[in-house]
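The values are calculated or read from the model by the stated rules, or taken from the named source; none is laboratory data. Just so we're clear, the structure is a prediction, and the values are computed from it rather than from any experiment. Here the Cβ positions follow ideal geometry from the backbone for every residue, glycine too, while neighbour counts run over all protein chains shown. With ligands, DNA and RNA removed, areas are computed over all heavy atoms of the protein, side chains included. Shrake-Rupley method; radii C 1.70, N 1.55, O 1.52, S 1.80 Å.
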Amino acid sequence: MKPIDKSILTFILQHHVLSLAVSRDNIPWCCSCFYCYLPERNLLVFTSDSDTRHIDDFLAGDCGMVAGTIALETRVTGKIRGIQFAGPMRLLAGGELKAAKHEYLKNFPIARLAKLHLWGVEPTILKLTDNRLGFGKKLIWRGSE
């Protein structure tokens, strides 16, 4: 895997809510989820039940891909920063599930009280917009290059 720019990794690791976009029959749907990131696996991990609309729509789709954002909320234009990502999503299992569950519960201990259905998104593209580096400055990582 091509190394991910440190600025992109730092931003992802500093935040904990992502917006996830799915599509079913050309009808888009979004949700917000708490996440943790496993940098050694390049994996965004979140929990969601199979009866939610976004998971139902994802499972009914045929591409296995999702898109999303991680954003810093600010009204100051010069401080705008955020990630856009896309990649395949899957329900985690086996050793991958064990590692993800450990990290997720470390970040969100209250989740121990819930039945966890952990999903992972492995970004194939990450785009960081960081206006602190200049208006509209973008850093792009593509895993396939």
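Hey, what did the chain get for relative contact order, percent, Cα under 8 Å, at least 6 apart?
27
What is the spin-label model distance, in nm, from Leu13 to Trp29 if the labels are put 7 Å beyond Cα along the C-beta direction?
For the pair Leu13/Trp29, the computed spacing is 3.4 nm.
Just how far, in whole angstrom, is segment 53-108 from segment 1-30 if you go by their alpha carbon centroids?
Going from one Cα centre to the other spans 5 Å.
Within straight cross-link reach of Lys115, meaning Cα distance under 16 Å, which lysines are found once same-chain residues fewer than 8 apart are removed?
Result set, ordered by chain and number: Lys98, Lys101, Lys106.
Give the calculated FRET efficiency between Glu73 and Arg53 to the nearest 0.05, with a Förster radius of 25 Å applied to their Cβ-Cβ distance.
About 0.55, to the nearest 0.05.
Would you work out which of Leu126, Ser32, Gly61 lies farthest towards the positive end of the dipole of the chain, given +1 charges on the beta-carbon of Lys and Arg and -1 on that of Asp and Glu, about the Cα centre?
The one lying farthest along the dipole's positive direction is Leu126.
Working out 0.36 nm times the residue gap between Ile140 and Ile110, then minus their Cα-Cα distance, what length gain in nm do you get to one decimal? Mind dumping the intermediate values first?
On the way: separation 30, 0.36 × 30 = 10.80 nm, distance 3.41 nm.
My answer for the length gained is 7.4 nm.
Ignoring ligands, DNA and RNA, what percent of the accessible area of the chain is carbon or sulfur (1.4 Å)?
The C+S portion of the solvent-accessible surface of the chain is 55 percent.
What does the charge dipole of the chain about its Cα centre add up to, to the nearest 20 debye, if the Cβ of each Lys and Arg holds +1 and the Cβ of each Asp and Glu holds -1?
Working: 19 positive and 14 negative charges, 127 e Å.
Here the size comes out at about 600 debye.
Would you compute the Debye intensity of segment 80-145 from its alpha-carbon atoms alone, equal scatterers and no solvent, and pass along log10 I(q)/I(0) at q = 0.16, 0.21, 0.23, 0.26 Å⁻¹ to two decimals?
The calculated log intensity ratios at q = 0.16, 0.21, 0.23, 0.26 Å⁻¹ are -0.73, -0.90, -0.94, -1.02.
Around Tyr35, which amide H atoms from residues at least 5 apart in sequence, or from another chain, sit under 5 Å from its own amide H, with H modelled in the peptide plane?
Close amide H contacts, sequence-distant or interchain: Val17, Leu18.
Given a Förster distance of 22 angstrom, what is the FRET efficiency for Ala21 paired with Arg41, based on the Cβ-Cβ distance and rounded to 0.05?
Efficiency, rounded to the nearest 0.05: 0.50.
How much accessible area per residue does the chain have, counting only protein heavy atoms and a probe of 1.4 Å, in square angstrom?
Per residue, the chain has an accessible area of 59 Å².
Report the extension gain between Met65 and Ala93 in nm, rounded to one decimal, defined as 0.36 nm multiplied by the number of residues separating them, less their alpha carbon distance.
Additional length available on full extension: 8.3 nm.
Normalised by the residues of segment 1-87, what does the relative contact order come to in percent, with Cα pairs under 8 Å and at least six apart?
Working: 118 pairs, mean separation 23.8, N = 87.
The value is 27 percent.
Peptides 91-102, 14-25, 121-132: what's the order by average Cβ count within 10 Å, highest mean first? Don't jump to the answer; show the numbers that get you there.
Numbers: 91-102: 14.3, 14-25: 15.9, 121-132: 19.0.
Ranking, from highest mean packing down: 121-132, 14-25, 91-102.
Give, in whole angstrom and from largest to smallest, the semi-axes √(5λ) of the equivalent ellipsoid of segment 1-95, with λ running over the eigenvalues of the Cα gyration tensor.
Numbers: eigenvalues 113, 62, 29 Å².
For segment 1-95, the semi-axes come out at 24, 18, 12 Å.
Cα to Cα, under 25 Å, and not fewer than 8 places away if on the same chain: which lysines meet these conditions relative to Lys79?
Answer for Lys79, where 25 Å is the Cα cut-off: Lys6, Lys127, Lys137, Lys138, listed by chain and number.
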